[in-house]
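Colleague: This is the structure I have questions about; it appears just below.
The values are calculated or read from the model by the stated rules, or taken from the named source; none is laboratory data. In this text the structure is predicted, and so the values were computed from the model without any measurement. FYI the Cβ positions are ideal-geometry reconstructions off the backbone, even for glycines, and counts take in every protein chain you see. Areas reflect the complete protein model, heavy atoms only, side chains present, ligands, DNA and RNA absent. Shrake-Rupley method; radii C 1.70, N 1.55, O 1.52, S 1.80 Å.
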Amino acid sequence: MSTMALQRILVPTDLSDFAGNALRWADMLRRRLGAQLTVVYANEPYIPFDAIEGPAAYLLQHQPEFRERLTEELHDHVQRHLPEIGPAAETLIVDRAPAQAILETAESIDADLIVMGTHGRTGWRRVLLGSVAEKVVHHADRPVLCIPSDAPPSIGKILCPVNFTPIARVALEQAATLAETFDAELLIVHVTDAIDHTSDVEGEFAAWIEPHVRNRCRYSHVLASGNAAEETIRMAHNAHADLIVLGAEHKRFADATVLGTTTERVVRFAKRAVWAVPAPASS
């Protein structure tokens, strides 16, 4: 039996109750896998509105008393949500914008996984508050677990959408390993624009997934048609999945890295936890 190997988990926080659920998910993974937790707070540099306000605000933000109080608040936040291990969790304050702080810290501590909240809002406020998580998923070179505020920390059923690409193989491999680790049921989904009943799509699908999941976990596979992101979210809801595992395909467009549309929409709108898997550097 294969077990997910995680030695270091990074948990960004903004000290809100929404972020507390990400801590609980990280702690659930820590207890199962024996990983070390590092909690990071991004002390974003202050941008003044005018010349008079600016120097005073900058000085206040960098006073030792301000730093000490922020450190205490971060420790209290961890202790409140994780009373059993609060003092044992490493805490860091990084003077960077949130996404930059998270990515730089993940690299510096060699984190195996980033676990962060998405605030679970809807509409434009959800889009704005979730933008940090989306930026991290866009640029991370390691898995990112995005946690809505109301997703309970449990992995009993995993949904993995695939599309026969190399990154989908990587995502399916991680989904199967998670299913083994947590004795969870795995539902593998392939969504197409329209199912071609004249070809053996079902047989091709089964043959593609079989080497990755054979004798490893309880699994089933489903073919569906429609918009990939919408069907993934709908099927995760209907199947009562606890976790969606999917590949985060980074593409080049106008000399900038962008994220595949399906991954972006699932991360933004799913009410389930989403484990986004980056493509290997060599792919």
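Colleague: In region 76-112, which residues are surrounded by 13 or more Cβ atoms within 10 Å (Cβ to Cβ), of a type in the set (G, A, S) and closer than 14 Å to Q36 by Cα?
Modeller: Answer for region 76-112, where residues must be surrounded by 13 or more Cβ atoms within 10 Å (Cβ to Cβ), of a type in the set (G, A, S) and closer than 14 Å to Q36 by Cα: G86, A89, A106, A111.
Colleague: From the residues in region 133-152 that are assigned to a helix (DSSP H, G or I), open to solvent by 30 Å² or more (accessible area, probe 1.4 Å) and not basic (K, R), which one is modelled with the highest pLDDT?
Modeller: Out of the qualifying residues, it is H139.
Colleague: Look through region 153-197, keep the residues that are in a strand (DSSP E or B) and touching an Asp or Glu at 6+ places or on another chain (Cβ under 6 Å), and return whichever of them is surrounded by the most Cβ atoms within 10 Å (Cβ to Cβ).
Modeller: Looking at the filtered set, the residue picked out is V191.
Colleague: Do you know which residues across region 218-242 are open to solvent by less than 30 Å² (accessible area, probe 1.4 Å), farther than 19 Å from T165 by Cα and outside any helix (DSSP H, G or I)?
Modeller: Selection gives A239, A241.
Colleague: How many residues are out of contact with any helix residue (DSSP H, G or I) (no Cβ under 6 Å at 6 or more places or on another chain) and aliphatic (A, V, I, L, M) if we restrict to region 153-174?
Modeller: Qualifying residue count, region 153-174: 4.
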